Amino acid sequence: MTVTRFAPSPTGFLHVGNLRTAVFNYLIARQAGGEFILRLDDTDPERSTQAYADAIKEDLEWLGLTWDRVETQSTRLDRYNAAADELREKGRFYEAFETPVELDLKRKKQLNMGKPPVYDRSALALSDDERAALKAERDGHWRFKLDHERIEWTDGILGDLSIDAASVSDPVLIRGDGQFLYTLASVCDDIDFGITHVVRGSDHVTNTATQIQIIEALGGSVPSFAHHSLLTGPQGEALSKRLGTLALRDLREAGIEPMALVSMMARLGSSEPIELRSSMEELVDGFNLSAFGAAPTKFDVEDLKPLTAKAVASLSVADMGEALAELGVPSEIAPAFWDVAKENVATRAEVAKWWALCRDGAEPLIAEEDAEFVATAKGLLPEGPWDGDSWGTWTSAVKEATGRKGRGLFMPLRKALTGMEHGPDMSKLMPLLQNVKL
Ligand code: GLU
């Protein structure tokens, strides 16, 4: 069975960058009729909070990315300890004592000498006495001993990859203070939960190489890996600095529709066009991981606006029922009102503006040169209640009386009734006007 996971750390709000990872893993699982796990990577007790964990769930629910179960790393520390013991027994784990400053110095020296900044394994050369002396002085951290061979896999997006393990530092899996780092926890979870496919950002490619060796050392089976490119801003600039403003909850607050967002993420950066989908089923059917490319993918929040307007316009009056009732739209006119409003709003929130116009009327907008014309027109307004023919009846009468036609006839009348130059088809709007201020 296909099993995927989305593994955010509950140390912040979800943003468009990690949404992409969530969408891919969700769609892969659903397409295969498999399982999608929400995994909370909360091994850092200082930065992880319940509030962020709750917010992550809330955002995913809003998007319709439902998970089959939640796993929490902080409840699995015994398992990670056991895995650490296993690696020790197998001679693949060693304690090192360099401080961050010492490591930094080593890296700088290597770079000065034109060498790659790979950890030199000096901890392995320590005598027992030296090790004991260091241990008495400071906490050691634990590194996984990579086998120096080429690590190869066929990436679901990047194709055949090969990384020389000798060019990578032995990864630290346990910090000096005993905290398990993401790598060991992630590997144990991927093994135990039977993860078959891992899609994540291309910033994880080197991690993947080391994780493949750790999985093998622990006797697990290696999942299929795919690494999607990272999103950039519209000009190709790094998005990382702006992610704070691209949190999913901010987009929701701005009125972006979940379907617009998910439809975009399921296609952005692929060779297939971005199209608004009306359901998750449609998205699942149309998803194709191999259509994605390795190049950085430009993301422009502006592109979500037309998709959102389209998504709102595609909502039925039943979808909007509660929202319209809350606004106070009487149920008998709700279908006709929604028919008019949906074509004239960028977001759901804007519907309120149209209802206010229908309920209260608008301050007439009358140009000086139209004052007399509008006064004549006012006298010719048909008796209410208005229906679909009222606009036609009125404009014909005004035309007859004033001799005006075309734009010169219609525009001042629209402005007089709605206070605006643009808007819905007047013959549809007029029956909805409960009041006019003309
Ligand atoms: N918590 C990790 C992250 O957000 C998960 C990476 C992974 O998918 O393995 O980067």
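Among 420-433, 2-15, 155-168, sorting by the average number of other beta carbon atoms lying within 10 angstrom of each residue, highest first, gives 2-15, 420-433, 155-168. Across region 43-137, C-alpha contacts under 8 Å between residues 6 or more apart give a mean separation that, scaled by the residue count, equals a relative contact order of 19 percent. Over all pairs of different C-alpha atoms in the chain, the reciprocal of the mean inverse distance, the Kirkwood hydrodynamic radius, equals 26.3 Å. Per residue, the convex hull spanned by the Cα atoms of region 128-204 measures out at 134 cubic angstrom. Around the Cα centre of region 226-302, unit charges on the Cβ atoms of Lys, Arg, Asp and Glu (plus for the first two, minus for the last two) sum to a dipole of about 340 debye. Taking every DSSP helix (H) stretch of at least 4 residues in the chain, weighting each as -39,500 (n - 2.57) and dividing the sum by the residue count yields a mean residue ellipticity at 222 nm of -12500 deg cm²/dmol.
For region 214-357, the mean projected area of the C-alpha convex hull, equal to one quarter of the hull surface, is 12.1 nm².
Neighbour counts of other Cβ atoms within 10 Å put LYS342, LYS298 in the fewest-to-most order LYS298, LYS342. Charge dipole (Cα centre; +1 on Lys/Arg Cβ, -1 on Asp/Glu Cβ; no other charges) of the chain amounts to roughly 820 debye. Note on region 140-203: with charges restricted to the Cβ of Lys and Arg (+1) and Asp and Glu (-1), its dipole about the Cα centre is near 220 debye. Note on region 13-169: Cα Rg divided by 2.2 N^0.38 Å, N the number of residues, gives 1.37.
Its residue count N sets the reference 2.2 N^0.38 Å, and the alpha-carbon radius of gyration of region 244-306 equals 1.14 times that reference.
Restricted to Cα atoms, region 312-381 shows a radius of gyration and a Dmax of 15.4, 44 angstrom.
Take every Cα pair under 8 Å whose residues are at least 6 apart in sequence, average their separation, divide by the length of the chain, and the relative contact order is 13 percent. Once you reduce region 69-100 and region 378-404 to the center of their Cα atoms, the two points are 81 Å from each other.
All of the numbers you see were taken from the coordinates with simple rules; none came from a lab. Because the structure is predicted, anything quoted here is derived from the model rather than measured. Here Cβ is always computed from backbone atoms with ideal geometry, including for glycine, and neighbour counts include all displayed protein chains.
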